[in-house]
Amino acid sequence: MRTVRSTAIVGIVLGSDSDLPIMKSAAELLDEWNVPYELTVASAHRTPHRAIQYAATAKQRGLQILIAAAGGAAHLPGVMAALTPLPVIGVPIKTSKLDGLDSLLSIAQMPDGIPVATVAINSAKNAALLACRILGIFQPRIASKMEKYRAHLKKSVESKAKRLDLEGYKKYLKRLS
Ligand code: RP5
């Protein structure tokens, strides 16, 4: 997995390396769509200066959007948003004690003026897809990937609906289990 690229336009920042098993889905999507990104760890609490430095220099380094993941008292996405004008997407990581509700609320409940676009708990792939939707406004290649992806989702649901209709729910369920 690539970690730092000078051509990166998306920055994925993890509060801890323990977030990586979840956040790899974001990196995989960006790899698949050939969207250049960089991936690093910077904790808002354990390495505040590193987190500040990362966010404060993100735009001048060519990044266009940040994805920040954190769990528990998940202040990393908010700190990033406070220090950069770039859009920040926050990924609340599921925790063992409160199932990630702590992470979700810490990331979503930002004060007026400093927004963080918060996806669902552990929704790393959706964070990458949202980043691609935003990038797609100016990059036709990424917009076209998104259209293909949406068409694929549509086809997949339609074929499931057709099969359910043909088989009936009992047979369909048996095949699922
Ligand atoms: C947060 O604390 C991290 O984002 C991680 O989700 C959580 C636990 O970190 P570790 O103790 O596993 O390093 O800052």
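The values are calculated or read from the model by the stated rules, or taken from the named source; none is laboratory data. Values in this document were obtained by computation on a predicted structure and should not be read as measured data. Virtual Cβ from ideal backbone geometry, glycine too; neighbours counted across all protein chains shown. The area values use the complete protein model at the heavy-atom level, side chains included, leaving out ligands, DNA and RNA. Shrake-Rupley method; radii C 1.70, N 1.55, O 1.52, S 1.80 Å.
Which one of these does L29 not meet: (1) within 22 Å of R141 (Cα to Cα); (2) out of contact with any Cys (no Cβ under 9 Å at 6 or more places or on another chain); (3) of a type in the set (A, V, I, L, M)?
Among (1) within 22 Å of R141 (Cα to Cα); (2) out of contact with any Cys (no Cβ under 9 Å at 6 or more places or on another chain); (3) of a type in the set (A, V, I, L, M), the lone unmet condition for L29 is (2).
Residues checked against (1) more than 16 Å from the ligand (Cβ to nearest atom); (2) surrounded by fewer than 21 Cβ atoms within 10 Å (Cβ to Cβ); (3) at pLDDT 95 or above; (4) within 18 Å of V88 (Cα to Cα):
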residue	(1), (2), (3), (4)
M1	yes, yes, no, no
S6	yes, yes, no, no
V10	yes, no, yes, yes
V13	no, no, yes, yes
M23	no, no, yes, yes
N34	yes, yes, yes, no
S43	no, yes, yes, yes
P48	no, yes, yes, yes
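Which one of these does R61 not meet: (1) open to solvent by less than 10 Å² (accessible area, probe 1.4 Å); (2) part of a loop (DSSP other than H, G, I, E, B); (3) more than 11 Å from the ligand (Cβ to nearest atom)?
In the conditions (1) open to solvent by less than 10 Å² (accessible area, probe 1.4 Å); (2) part of a loop (DSSP other than H, G, I, E, B); (3) more than 11 Å from the ligand (Cβ to nearest atom), R61 misses (1) alone.
One line per residue, one yes/no per condition, for (1) out of contact with any helix residue (DSSP H, G or I) (no Cβ under 8 Å at 6 or more places or on another chain); (2) among the hydroxyl-bearing types (S, T, Y):
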| position | (1), (2) |
| --- | --- |
| V91 | no, no |
| L98 | yes, no |
| S106 | no, yes |
| M110 | no, no |
| G113 | yes, no |
| N122 | no, no |
| N126 | yes, no |
| C132 | no, no |
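Among R163, R175, R133, which is in a helix (DSSP H, G or I), at pLDDT below 95 and basic (K, R)?
Answer to the selection: R175.
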